[in-house]
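Below is one structure, written out as structure tokens; the observations come after it.
The values are calculated or read from the model by the stated rules, or taken from the named source; none is laboratory data. A quick note: this is a predicted structure, and the numbers were derived from the prediction, not measured. So basically every Cβ, Gly included, is an ideal-geometry build from the backbone, and we count neighbours across all protein chains shown. We work out accessible area using only protein heavy atoms, side chains counted, and drop any ligands, DNA or RNA first. Shrake-Rupley method; radii C 1.70, N 1.55, O 1.52, S 1.80 Å.
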Amino acid sequence: NNNNAVIGIYSSTYYANGILPKQGNNSYYKLLSDITIPQNKTLTINPGVKLVFPSIYNSLYVYGTLKADGLQNDSIYFLGTKDPNYSYSNYGGRIELGSTSVNSSVSYAVIDSLGDSYSGIHPGAMTIYSSSANITKNNLKSYENVGIYVANDSLPSVTNNKFGVMSLSISANG
């Protein structure tokens with residue numbers, strides 16, 4: 001475990017299954033580019049992990065499986081930040097579960113300052129194209145446009161989530 005560490009994640013696509021373990025005190029992972037999890041691959045994020053999206057141009061795209069299941073007393077944190085290089089952007093990127101994503105789950109997570117409206121056709125802090133996703137018991141604190149955007153007739157399970165007072169909590173298209 002690393003204390004007070006910033007661990008950069010830089011890669012276009014991960015072609016192997018992976019686990020992000022919890023690090024030491026005041027440590028977090030920082031996306032340095034878009035991250036893609038392809039079909040038939042799984043990214044597991046352990047309870048207590050903090051994943052920072054430092055710009056609108058840093059998102060997590062999941063076409064395989066995302067397992068981000070925190071615990072009631074040990075959440076996972078997806079945190080966006082305002083990038084001073086882009087005056088038109090106030091939030092980080094987004095989490096997108098693509099149409100080929102299967103059995104993805106996000107629970108007991110804090111999702112804060114993701115989903116910048118400048119991102120155009122993908123307005124949600126979390127955008128879901130997959131019907132097999134289970135999104136439950138999360139706290140979506142701050143987002144610019146939509147907390148969870150459900151697209152293309154997908155029917156994910158979205159239950160018992162808390163939403164900040166923003167534009168829309170959940171929006172569906174399709």
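Counting only residues 5 or more places away or on other chains, whose amide H sits under 5 Å from the amide H of residue 143 once H atoms are built in the peptide plane?
The answer is 113.
Grab the Cα-Cα distance for residue 71 and residue 171, subtract it from 0.36 nm times how many residues apart they are, and report the gain in nm with one decimal. Intermediate values should be presented prior to the final figure.
Values: separation 100, 0.36 × 100 = 36.00 nm, distance 2.64 nm.
Computed gain between residue 71 and residue 171 is 33.4 nm.
In vacuo Debye scattering of the chain, one point per C-alpha: log10 I(q)/I(0) at q = 0.13, 0.18, 0.19, 0.20 Å⁻¹?
Debye intensities relative to I(0), on a log10 scale: -0.56, -1.15, -1.30, -1.46.
Below 12 angstrom from the Cβ of residue 88, what's the summed charge of the other residues (Lys, Arg +1; Asp, Glu -1)?
Values: positive: 82; negative: 83, 116, 144.
Summing Lys and Arg as +1 and Asp and Glu as -1 gives -2.
Would you please give the residues with an amide H less than 5 Å from that of residue 23, counting only those at least 5 places away or on a separate chain, with H modeled from the backbone geometry?
Under 5 Å from the amide H of residue 23: 50.
Once amide H atoms are built 1.01 Å from N in the peptide plane, which residues 5 or more positions from residue 9, or in another chain, come under 5 Å H to H?
The list, which skips near neighbours in sequence, is 30, 31, 32.
Count the net charge of all other residues whose Cβ sits under 10 Å from the Cβ of residue 57, scoring Lys and Arg as +1 and Asp and Glu as -1. Mind showing how you got there, number by number?
Values: positive: none; negative: 34, 83, 116.
Residues close to residue 57 contribute a combined charge of -3.
Taking the Cα centre of the stretch 64-162 as the origin, how large is its charge dipole in debye, to the nearest 20, when only Lys and Arg (+1) and Asp and Glu (-1) carry charge on their Cβ atoms?
Working: 6 positive and 8 negative charges, 32 e Å.
Roughly 160 debye for the stretch 64-162.
Using a 1.4 Å probe on the protein chains only, how many percent of the accessible area of the stretch 44-91 belongs to carbon and sulfur? Can you show the working numbers first?
Details: 1010 of 2080 Å².
The computed percentage sits at 49.
Cut-off 11 Å, label point 7 angstrom out along Cα-to-Cβ of residue 44: give me the residues of the stretch 65-85 whose amide nitrogen falls inside.
Of the residues in the stretch 65-85, 67-69 have backbone N under 11 Å from the label point off residue 44.
Give me a comma-separated list of calculated 3J(HN,Hα) values for the stretch 20-32, in order, Karplus coefficients 6.51, -1.76, 1.60 applied at θ = phi - 60°, integers in Hz, x for any Gly or Pro.
Each residue of the stretch 20-32 in turn: 9, x, 5, 9, x, 4, 6, 10, 7, 9, 10, 6, 9 Hz.
Going by average Cβ neighbours within 10 Å, how do the peptides 128-140, 9-21 rank, with the highest at the top? Mind dumping the intermediate values first?
On the way: 128-140: 21.0, 9-21: 12.5.
So the peptides 128-140, 9-21, ranked by packing, come out 128-140, 9-21.
So, in nm, how far is label residue 110 from label residue 159 when the simple model puts each one 7 Å beyond its Cα toward the Cβ?
2.5 nm
Is there a quick way to get the dipole size of the chain? I mean about its Cα centre, with the Cβ of Lys and Arg at +1 and of Asp and Glu at -1; what is the value in debye to the nearest 20? Before the final figure, lay out each step's value.
On the way: 10 positive and 9 negative charges, 65 e Å.
So the magnitude is around 320 debye.
If 49, 102, 158 are ordered by their accessible area, calculated over protein heavy atoms with a 1.4 Å probe, which sequence runs from highest to lowest? If you can, show how the numbers build up before the last one.
Working: 49 0, 102 75, 158 40 Å².
Largest accessible area first, the list is 102, 158, 49.
Please give me the summed charge of the neighbours of residue 164: other residues whose Cβ is under 14 Å from its Cβ, Lys and Arg +1, Asp and Glu -1.
0
Give, rounded to the nearest 20 debye, the magnitude of the charge dipole that the stretch 14-105 has about its Cα centre when Lys and Arg contribute +1 at Cβ and Asp and Glu contribute -1 at Cβ. The partial results should precede the final answer.
Working: 7 positive and 5 negative charges, 20 e Å.
Using Cβ point charges on Lys, Arg, Asp and Glu, the stretch 14-105 gives about 100 debye.
If you count only protein heavy atoms with a 1.4 Å probe, what accessible area per residue comes out for the stretch 38-99, rounded to a whole Å²? Present the calculation step by step, with values, prior to reporting the outcome.
Numbers: 2610 Å² over 62 residues.
Accessible area per residue, the stretch 38-99: 42 Å².
Apply the Karplus parameterisation 6.51 cos²θ - 1.76 cosθ + 1.60, with θ equal to phi minus 60°, to every residue of the stretch 100-109 and state each ³J(HN,Hα) to the nearest whole Hz, in sequence, with x for glycine and proline.
Running phi through 6.51 cos²θ - 1.76 cosθ + 1.60 with θ = phi - 60° gives 8, 5, 10, 6, 6, 9, 9, 9, 6, 10 Hz.
Could I have the simple spin-label model distance between residue 2 and residue 33, label points 7 Å from Cα toward Cβ, reported in nm to one decimal?
Modelled inter-label distance: 1.8 nm.
Please name whichever of 126, 75, 39 sits farthest to the positive end of the charge dipole of the chain, dipole taken about the Cα centre and charges placed at Cβ: Lys and Arg +1, Asp and Glu -1.
Of the candidates, 75 comes out farthest on the positive side.
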